[in-house]
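A short write-up of the structure that comes next.
No value in this document is a laboratory result; all are computed from the given coordinates. Model, not experiment: these values are computed from the prediction. Cβ coordinates were reconstructed from backbone atoms using ideal geometry, including for glycine residues, and neighbour counts include every protein chain displayed.
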Amino acid sequence: MDNAVCELEELSSVKDYVNRKLCEYERLEVGIFPITHSIIRRKAKPCAVYFCLHGPRSVKFTAIWEQASNTVFLYGANGERFETLVLHGR
């Protein structure tokens, strides 16, 4: 598992980064497949953002941006975590 440090602040920047990293890891062309996101809540308060890249043949690649620790966890098609990114700048 790879650990990286990056300075990203906005949801759109994190979404773009997640899209690029998932496409790179799974050898997909960036921008071809849609990526969605949804808010994860704990006790009615937002605590994380779930990203899903909808790939070929209904395969899904995912990432979680955990906001308390400001960390992004990236998962491949097999559901195994392949990278952890600690964000700075918030």
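Okay, here's what the table says:
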read-out	value
Under Karplus coefficients 6.51, -1.76 and 1.60, residue-wise ³J(HN,Hα) of segment 68-75 in Hz, glycine/proline x	5, 9, 6, 10, 10, 10, 9, 10
Shape parameters for the chain, alpha-carbon atoms, Rg then Dmax in Å	12.6, 38
Vicinal HN-Hα couplings computed from phi for segment 54-61 (Karplus, 6.51 cos²θ - 1.76 cosθ + 1.60; Hz; Gly/Pro x)	8, x, x, 6, 6, 7, 10, 10
Beta bridges by DSSP in the chain, antiparallel share as percent, to the nearest 5	80
Exposure proxy order (Cβ contacts within 10 Å, fewest to most) of Lys15, Lys21, Lys45	Lys45, Lys15, Lys21
